[in-house]
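Asker: Once you've had a glance at the structure underneath, I'll fire off some questions.
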Amino acid sequence: MSTVSDDLLSPQLLAQLERLELVTRKIFRGRMKGERRSKRKGQSVEFADFRNYVPGDDLRFIDWNTYARLDKMFLKLFLEEEDLHFYALIDASMSMDFGTPSKLLYAKQLAAALGFIGLIRADRVKIESVGQPLTKRLPALRGRASVWRMLKQLEEIQAGEAVDLQTGIKNFCLRNNGAGIVVLLTDLMDKSGYQEAIRFLLAQQMDVYVVHILSQEELEPDVSGDLRLIDCEDGDVAEVTINGPLMKRYKQTLNSFVGGAKEFCTRRGMTYLLANNQTPVEQLVTNYLRTRGLVR
Amino acid sequence: MFSSLLTWWQWLIVGAIPLGVLALYFLKLKRTPVEVPSTYLWHKSIEDLHVNSIWQRLRNNILLWLQLLLLLLAIIALLNPTFQGSKLIGSRFIFVVDNSASMQSTDVIVDGERISRLESAKGQVRALIESMPEGAVAMLISFADGAQVMQPFTDNPNDLLRAVDGIQPTDKPTSLIEALRVSSGLSNPTRTGSEEQDRIKASVMPAKLYVLSDGKFDVVDFALGALEPEYRKIGNDDARNISITAFSVDENINDSSKVEAFASVDNFGPQDETVFAELYLGNTLVDNVRAPIPAGRTYGISFPLAIDIDSGVLELRIRPDTNADDLRVDDTAWVVVDNPHRARILAIMETRNVALELALGTTRFDELVTLDTVNLEEEPNYLQSETYRLQALSGAYDLIIYDRCRPPDRDPPDGSTEEQQTDMPLCNTMFIGTAPKLTSWGWTPGAEWPPPVYIAPPTVIDSDRSHPIMDSVALGNFLIAEAFGMTPPSGGRMLIDSDIDSESGSSLLTIGPRESFEDLILSFNLIETAGGINTDWMNKQSFPLFILNTVTYLGSPRDTLSLASVNPGEPVELKIDTVESDEVVVVTPGGEEHTIKRTPQSTFPFIRTDEIGVYDMRAEGRSVAKFAVNLFNPKESNIPPNDNLEFIYEPLPATEVTETVKQEWWKWLAGLALVVLLVEWFVYNRRVSL
């Protein structure tokens, strides 16, 4: 593994991830035979339903016991096991490039970890960035062997995409109309608002996870004095004199921002998770995401 | 009430400071640029600070309010608010401050600290100036023996306050009259002389006159007119003072070979005191004595001087054992010991005059006078001799007595045959039975001189007893056979008037000035040259007394060992025979040097005797004379202040001023401002702390 890949997925983490799998609360139709239940009825060991026999049905699925008792032919239906679509959508705007480690790197690590779980469980994994053009389509990855390609894709995502969240997610939805799990890795720092953007995902009937990544500098700003704060994305300037009351007000604003996002997501059946870039990825995946039900 | 410490333009600057502080709150700070992921949350946080109205920005800004409060306190402090003090009523004030010696008494207690009366008076004047109404004018005069206008009429209190600071204590005695004259100049304009048009020349400008003094001066004979006086008594009635009121050195009365120093020490305080007196010669302690002095009494101290003092300076220092003395300036006295000055007298007699010789030959004369006599019977050409000429014209004698003779006439100019005036000697003269031929005395060329004798026995009508020559001389009861009458020249005086009715006048004894000298003319012979007497005055007691007075006055001998003490501020005129230079330098006790020039009368006048102490006159690199200035003034030393200002018409009682010094608030305000500053600093720090 290259150094970058090492950064994204450490061997220790891989060992932990081996035991995990992605979970969705919804049941989607897959594309191919996989390891998950599908809406589709098919050939698995798990019984699903009965239905009346119509000529042409496969005789192997007729329930002969019922025919003997009722003198009617019923067909036994089984659940089909299919694969799962897992999308990791990474916000790669300039604001994600802040923090130690940077929020983008953190997002990539998380995406890599989740994608790895997906790959080893025979799910279809797609890593995309918000700024990815509508026309550019990346292939879905499947199988353990694709870990390399996934990591390569992740490496290619660089900070500095100047696409707002709404447009980016809209493009994402247009490119990928299939149902599945989508994990949105973003800091939600979009001045035009994140609500409209997230609604697009809802419209896709996807199982949406919003991982809200904030750096320590944003959660607990370590600045003081008379400052001219410059927005790295649009060069916007905020002149502030940092003092006790302003700090208090900033925290209030941050809390209401985080709380607002959480409430927005929860009400719409999405899972919201606030991630501090100081929390190790392993802990986040094996602990927080597990309690949120994304992995098992 | 307020009395601003600043002028109007300074106030403008002070007034601009609060505006400046407000402006600072709107000024953009120089802020450090910091790049952040997003200003999204910050904008949201500072949203409510960015409201449109600038006043909203200042809303609840406690720092601003504290700063404005601080400035307000500072400004009020600058206004110098005071309590205890009412506005003066009027528009014209004259402040007259006493800075005489007695005002140096430190008997005024303010805040537990003893300050001098002058400081107290200055404090009161400052308070009065500060309570002057807007636009009022005031004038400041200080006075001791004379008056000095410290500040003419002005409406600027700052000028007046500066002038108050300029008043310095002096060692001089007190006289209010000149200060009153200066004060009344504008208030009481003089009137026109003529009775028909008795009109006031200028309009009367009434003024309030504040006299700040201890009232230690003579009754004031002065019509105040439009001046409205108010007497502020300065000083404490319980003031204590021990003072030297006299100090001299003289021969012992009983034994003229011994010398004694005498001093009288007064206790002007309310308590009995024991005084310790020390006598120094130069810096050497010569003697000391301890003496009890009851309250209000005088004590005479004499120090027999064992050592032989020809010249030098004796210094007497006294101090009460309790140290209870509020005036120090009169606790030290100096006396300059010098050899006595004997008058040199030349008596030129036509024939031997036993009466005159007897009168000039008493023991008292031996002490005072060095007498030379010339009998023209024995030396007929003496008056024409070169010896006489040199002595008369060099000023070798203090007095020349011409008995029935007179100096020769002046040499006539070449070719002139006209009769000339008498060639007078350069000293005082006395003529007996004759008169010098001087036009000032009424002589004209060709006239009979002395004037013709009035045959009828003249009678003495009157004598001028106020003149020193006639002091204690009781005339009358003596006869004169023949006499001529004289008229005093311009500036002269008739000392004995008679009933002689002649053209030349009626005076029998006349004194008149001649340049810097004086001539005394007795217009009758004592004895006749031919023998016999012209008067029996010589048999009377008054005759030797008259001769003694004449010699004392015209010969000016000095018999005491010590030079007379000079009062502060009094002019001194010293005759120094031992100096050839026309300039001497006087070194004051304070070390100042003043160069003075010799007058035509061969004296050195000196007027700047303001300080007490010993003045040294130096010439040609050595000390040629010394004189002492002492405050021998019981009026100044008797320091308990007078309750009334003694005007001749009615006494002016003192106005009670309970609060001598106004309580000023500015210190408290400044302290409060400091507290506000600390609170502001605390609040600021609390706000910037994270």
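Asker: Kindly establish whether B:A435 is under 26 Å from B:Q541 (Cα atoms), in the same structural domain as B:M538 (by TED's automatic domain parsing), open to solvent by less than 10 Å² (accessible area, probe 1.4 Å) and modelled with pLDDT of 85 or more. Explain how you work it out, then say what you get.
Answerer: On the way: under 26 Å from B:Q541 (Cα atoms): yes; in the same structural domain as B:M538 (by TED's automatic domain parsing): yes; open to solvent by less than 10 Å² (accessible area, probe 1.4 Å): yes; modelled with pLDDT of 85 or more: yes.
Taking the combined requirement at face value, the residue satisfies it.
Asker: Tell me yes or no: at least one residue of region B:120-130 is hydroxyl-bearing (S, T, Y) and open to solvent by 10 Å² or more (accessible area, probe 1.4 Å).
Answerer: To start, the set of residues in region B:120-130 that are hydroxyl-bearing (S, T, Y) comprises B:120.
This time we only want the ones that are open to solvent by 10 Å² or more (accessible area, probe 1.4 Å), so: none.
Looking for residues that are hydroxyl-bearing (S, T, Y) and open to solvent by 10 Å² or more (accessible area, probe 1.4 Å), one finds none in region B:120-130, hence no.
Asker: I need the strands (runs of 3 or more DSSP E) fully contained in region B:443-538, keeping only those with at least 3 residues that are of a type in the set (G, A, S) and modelled with pLDDT of 85 or more.
Answerer: Numbers: elements: B:460-463, B:493-502, B:505-514, B:517-522.
So the answer is B:505-514.
Asker: Now for a different question. Any idea which of B:W65, B:W42 is open to solvent by 50 Å² or more (accessible area, probe 1.4 Å) and either more than 30 Å from B:D238 (Cβ to Cβ) or modelled with pLDDT of 85 or more (or both)? So that I can check it myself, show each step before the final result.
Answerer: Details: B:W42 fails: open to solvent by 50 Å² or more (accessible area, probe 1.4 Å).
The match here is B:W65.
Asker: OK, next. Taking the stated definitions as given, is A:Q216 open to solvent by 10 Å² or more (accessible area, probe 1.4 Å) and either within 9 Å of another protein chain (Cβ to nearest Cβ) or at positive phi (or both)? Even if it seems obvious, please write down each step before you answer.
Answerer: Numbers: open to solvent by 10 Å² or more (accessible area, probe 1.4 Å): yes; either within 9 Å of another protein chain (Cβ to nearest Cβ) or at positive phi (or both): no.
Judged against the criteria, A:Q216 is not a match.
Asker: Might you check whether a residue that is open to solvent by less than 30 Å² (accessible area, probe 1.4 Å), at pLDDT 80 or above and facing another protein chain (nearest Cβ under 9 Å) occurs anywhere in region A:193-213?
Answerer: Applying the first criterion (open to solvent by less than 30 Å² (accessible area, probe 1.4 Å)) to region A:193-213 yields A:193-194, A:197-198, A:201, A:206-213.
Of the ones still in play, those that are also at pLDDT 80 or above are A:193-194, A:197-198, A:201, A:206-213.
Those left that are additionally facing another protein chain (nearest Cβ under 9 Å): none.
No.
Asker: Show me the helices (runs of 4 or more DSSP H) entirely contained within region A:84-187 in which 3 or more residues are more than 14 Å from every other protein chain (Cβ to nearest Cβ), in contact with a helix residue (DSSP H, G or I) (Cβ under 7 Å, 6 or more places away or on another chain) and of a type in the set (A, V, I, L, M). Full working, then the answer.
Answerer: Numbers: elements: A:103-120, A:147-156, A:165-175.
Qualifying helices (runs of 4 or more DSSP H): A:103-120, A:147-156.
Condition check ((1) modelled with pLDDT of 65 or more; (2) open to solvent by 70 Å² or more (accessible area, probe 1.4 Å); (3) on the phi > 0 side of the Ramachandran plot) across all residues:
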| position | (1), (2), (3) |
| --- | --- |
| A:S5 | no, no, no |
| A:S10 | yes, no, no |
| A:R19 | yes, yes, no |
| A:F28 | no, no, no |
| A:F47 | yes, yes, no |
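Asker: Any residue that is hydroxyl-bearing (S, T, Y) and closer than 17 Å to A:C232 by Cβ - is there at least one of those in region A:121-135? Break it down stepwise before answering.
Answerer: Just the residues of region A:121-135 that are hydroxyl-bearing (S, T, Y), to begin with: A:129, A:135.
When the remaining residues are screened for being closer than 17 Å to A:C232 by Cβ, the result is none.
The answer is no; no qualifying residue exists.
Asker: What is the one condition in (1) modelled with pLDDT of 85 or more; (2) part of a strand (DSSP E or B) that B:E573 does not satisfy?
Answerer: So the condition that B:E573 fails would be (1).
Asker: Something else now. Say we look at region B:249-286 and pick out the residues that are open to solvent by 60 Å² or more (accessible area, probe 1.4 Å) and either among the hydrophobic types (A, V, I, L, M, F, W, C) or assigned by TED's automatic domain parsing to the domain that holds B:Y615 (or both); which of these is modelled with the lowest pLDDT?
Answerer: Of all residues in region B:249-286, those open to solvent by 60 Å² or more (accessible area, probe 1.4 Å) come to B:251, B:253-254, B:256-258, B:262, B:270-272, B:283-285.
From what's left, either among the hydrophobic types (A, V, I, L, M, F, W, C) or assigned by TED's automatic domain parsing to the domain that holds B:Y615 (or both): B:253, B:262, B:285.
On the way: B:I253: 69, B:F262: 86, B:L285: 85.
Applying the filter and picking the extreme gives B:I253.
Asker: Pick out the one residue from A:Y250, A:Y209 that is of a type in the set (F, W, Y), more than 27 Å from A:Q109 (Cα to Cα), in the same structural domain as A:F98 (by TED's automatic domain parsing) and in contact with a Lys or Arg (Cβ under 9 Å, 6 or more places away or on another chain). Step through it out loud before you land on a result.
Answerer: Details: A:Y209 fails: more than 27 Å from A:Q109 (Cα to Cα).
Criteria check complete, one pass: A:Y250.
Asker: Read through the list (1) in a loop (DSSP other than H, G, I, E, B); (2) modelled with pLDDT under 70; (3) surrounded by 17 or more Cβ atoms within 10 Å (Cβ to Cβ), then give the number of the only condition that A:R37 fails.
Answerer: Evaluating A:R37 over (1) in a loop (DSSP other than H, G, I, E, B); (2) modelled with pLDDT under 70; (3) surrounded by 17 or more Cβ atoms within 10 Å (Cβ to Cβ) leaves (1) as the failure.
Asker: Answer yes or no: is there a residue in region A:67-76 that is surrounded by fewer than 23 Cβ atoms within 10 Å (Cβ to Cβ), touching a Ser or Thr at 6+ places or on another chain (Cβ under 6 Å) and not aromatic (F, W, Y).
Answerer: Here is the first cut: in region A:67-76, the ones surrounded by fewer than 23 Cβ atoms within 10 Å (Cβ to Cβ) are A:67-76.
From what's left, touching a Ser or Thr at 6+ places or on another chain (Cβ under 6 Å): A:74.
Narrowing the set further to residues that are not aromatic (F, W, Y) leaves none.
The answer is no, given that none of the residues of region A:67-76 is surrounded by fewer than 23 Cβ atoms within 10 Å (Cβ to Cβ), touching a Ser or Thr at 6+ places or on another chain (Cβ under 6 Å) and not aromatic (F, W, Y).
The values are calculated or read from the model by the stated rules, or taken from the named source; none is laboratory data. Bear in mind that the values here come from a model prediction, so they are computed numbers and not experimental data. Using ideal geometry, Cβ is built from the backbone for each residue, glycine included, and neighbour counts are taken over all protein chains shown. These accessible areas exclude ligands, DNA and RNA; they are computed on the full protein's heavy atoms, side chains included. Shrake-Rupley method; radii C 1.70, N 1.55, O 1.52, S 1.80 Å.
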